[in-house]
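Novice: Below you will find the structure I want to go over with you.
Values in this text are rule-based calculations from the coordinates and carry no lab data. Nothing here was measured: the structure is a model prediction, and the numbers come from that model. All Cβ positions, even for glycine, are placed from backbone atoms using ideal geometry, and neighbour counts span all protein chains on display.
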Amino acid sequence: MKIDRRAFLAASSSALLLAKTQAAAAKYVNASEPPEVEGRIKGKKVTVYTTADNSNHRLSLTGILAFKQLDQPLETQVCVFVDPAKKFQTILGIGGALTDAAAETFAKLPGAKQREILNSYFDENKGIGYTLARTNIHSCDFSSDSYTYVKEGDKELKSFSVGHDKKFRIPFIKDAMATARGKLTIFGSPWSPPAFMKDNNNMLHGGKLKPEFYQSWANYYAKFIKAYQQEGIPIWGITIQNEPMATQKWESCIYSAEEERDFLKNYLGPTMIRSGLGDKKIIVWDHNRDLIYQRASTILSDPKAARYVWGIGFHWYEPWSGGEAMFDNVNLVHESFPGKNLIFTEGCSDSFNAQRLNDWKLGELYGRSMVNDFNGGAVGWTDWNILLDETGGPNHVKNFCFAPVHADTKTGQLTYTNSYYYIGHFSKFVRPGARRIACSPSRSQLLSAAFVNPDGKIVVVVMNQSEKKIVYDLWIDGQAAEVSSLPHSIQTLIL
């Protein structure tokens, strides 16, 4: 069935989504269950939310199911097995990046659309409940211009000011924090030191931090954290360098594994402690899955450096740098360094193309990444820009890309791609403090991950990558609930 584009965009409104979901929920909750359901296991029901291609389902409540006895499944039966007794990592949060581009796009929208965006992302009830956010330390490619917080040549950082950010980004972050009701964990990442600190005298095109500026640059992180705190924005942690092995046409800076290790060990780590910021988390790597093990092993094999490391950040991009298929590397780091955290810090689906806004592949790439990353040990998952304009920007080097939501700044129209809903199947239901639990599908067409929230509710996310409808049993401790999974769909099951 082909979906009418206007109908799809209209249905994508978060407010309409919420209204439909609440109405459907009331229908199920208030209705009397059929006798055949009442005869099954009382008190154990599964609530099912669905997003599916070639349908109107977008995080829609599609059923409430009951369990029945199923001791030993047959090999011919399709099952998703869940074992709540086997618990793994604790979830920090799920969210996206609050960049200059997102903030500038947001500022161009009418007030009603701004409120819709905030609710859609940060309200747990009205939207998908983001609890984790990343922001850039001065400019990145998704800024309208290239800028720093100090004047050229100011090694002592006497001119340090975040005044630039007060126009768009700081108010935007504050609005997000207020909507999330204090449940937003924020970390910052630099794309490049100021030009005068680098050997190429340019914030763009790679280059390296000059040794004589190591201490000055370490002080810069501390000043950023304190300046944002003075603005009422607590910074939970920092990454050392965005994509330290990529020479880009935008802001970038290269560190070998040894250089990052030594900068952390001798400068950044001690500086954070001396500045009274020893509680701030430091994340290393912050780049793709391909080289993650080499970077982690080099830094963490040095005890003096490892003591400052909270975790290892990693990215995903399709089709670049190994794409989304390098999941085993993440799991290997988790197995090799179980005392350190893994966190997904950036990723998005391909370069922007307005003709692909309804491409179902966009969301499925997210789904595959999120299932595999959580199953590989990740404690958090942070998407790239939460909002971009009709061009996939603004971006001062024209490196346009997709976001889950795009705004036409001329008309105020919001377009929710299916990526928004795929992420929402995790972020809305898997809350901070949740523990991942054992989950195993019996067919490769299904991907699944499961969690138990602090309130005891079990959340199972199941993704059907195939062209076929699949009927499977959600199996827990000898009990099973039959679930129907539409082609190219993702479902969240809650009990």
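Novice: Please tell me which of these pairs span more than 22 angstrom C-alpha to C-alpha: K158/K226; K68/K457; K174/K223; K280/K457; K158/K210?
Specialist: K280/K457
Novice: Taking a ≥ b ≥ c as the square roots of the eigenvalues of the Cα gyration tensor of segment 282-441, is the shape rounded (a/c under 1.5), prolate (a/b larger than b/c) or oblate?
Specialist: prolate
Novice: Separation of segment 124-179 and segment 63-94 by C-alpha centroid, Å?
Specialist: Using only Cα atoms, the two centres lie 41 Å from each other.
Novice: Still on this model: Quick one: grab the alpha carbon gyration tensor of the chain, order the square roots of its eigenvalues as a ≥ b ≥ c, and give me rounded if a/c is under 1.5, else prolate or oblate depending on whether a/b is larger than b/c. Show your work: numbers first, answer last.
Specialist: Numbers: a/c = 2.08, a/b = 1.56, b/c = 1.34.
Here the chain falls in the prolate category.
Novice: If you rank V462, V82, V397 by fewest surrounding Cβ atoms within 10 Å, what's the result?
Specialist: Ranked by crowding around the Cβ, least crowded first: V397, V82, V462.
Novice: Filter the cross-link list K44/K86; K108/K361; K155/K281; K183/K398 down to pairs whose alpha-carbon distance in this structure exceeds 22 Å.
Specialist: As for pairs spanning more than 22 Å Cα to Cα, those are K108/K361; K155/K281; K183/K398.
Novice: Explain nothing, just the number: relative contact order of segment 92-432, from Cα pairs under 8 Å at least 6 residues apart, as a whole percent.
Specialist: Rounded, it is 20 percent for segment 92-432.
Novice: So how do V483, V150 line up by other beta-carbon neighbours within 10 Å, fewest first? Don't skip to the end; give the middle numbers.
Specialist: Working: V483 23, V150 20.
If I rank by nearby Cβ atoms, fewest first, I get V150, V483.
Novice: Per residue of the chain, what 222 nm ellipticity follows from adding -39500 (n - 2.57) for every DSSP H run with n ≥ 4, rounded to the nearest 500?
Specialist: Taken over the chain, the calculation gives -8000 deg cm²/dmol.
Novice: Hey, quick one: spin label on N125, modelled 7 Å out along Cα-Cβ, who in segment 161-188 has an amide N within reach, i.e. under 19 Å?
Specialist: Backbone N within reach: 176-184.
Novice: Between S336 and K183, what is the label-to-label distance in nm when each label sits 7 Å out along the Cα-to-Cβ direction?
Specialist: 3.6
Novice: Among K280, K158, K68, which comes first, then next, by fewest other beta-carbon atoms within 10 Å?
Specialist: By the 10 Å Cβ count, ascending, the order reads K158, K68, K280.
Novice: A further question on this structure: If each residue of separation counts as 0.36 nm, what is the full-extension length gain between N353 and S466 once their alpha-carbon separation is subtracted?
Specialist: Between N353 and S466, full extension yields an extra 38.2 nm.
Novice: Now, a different point. State, to one decimal in nm, how far the label point of I273 lies from the label point of K398, with both points 7 Å from Cα in the Cβ direction.
Specialist: Rounded to a tenth, the inter-label distance reads 4.9 nm.
Novice: Could I ask something else about it? Quickly work out the T391-to-D71 label distance, labels modelled 7 Å from Cα along the C-beta direction, and quote it in nm with one decimal.
Specialist: Going from the D71 label point to the T391 one covers 6.8 nm.
Novice: To the nearest 0.05, how large is the calculated FRET efficiency for K361 and E258 if R₀ is 35 Å and r is the Cβ-Cβ distance?
Specialist: 0.35
Novice: What ranking do 73-81, 231-239 get when scored by the average of other Cβ atoms within 10 Å per residue, highest first?
Specialist: The densest-packed peptide leads the list: 231-239, 73-81.
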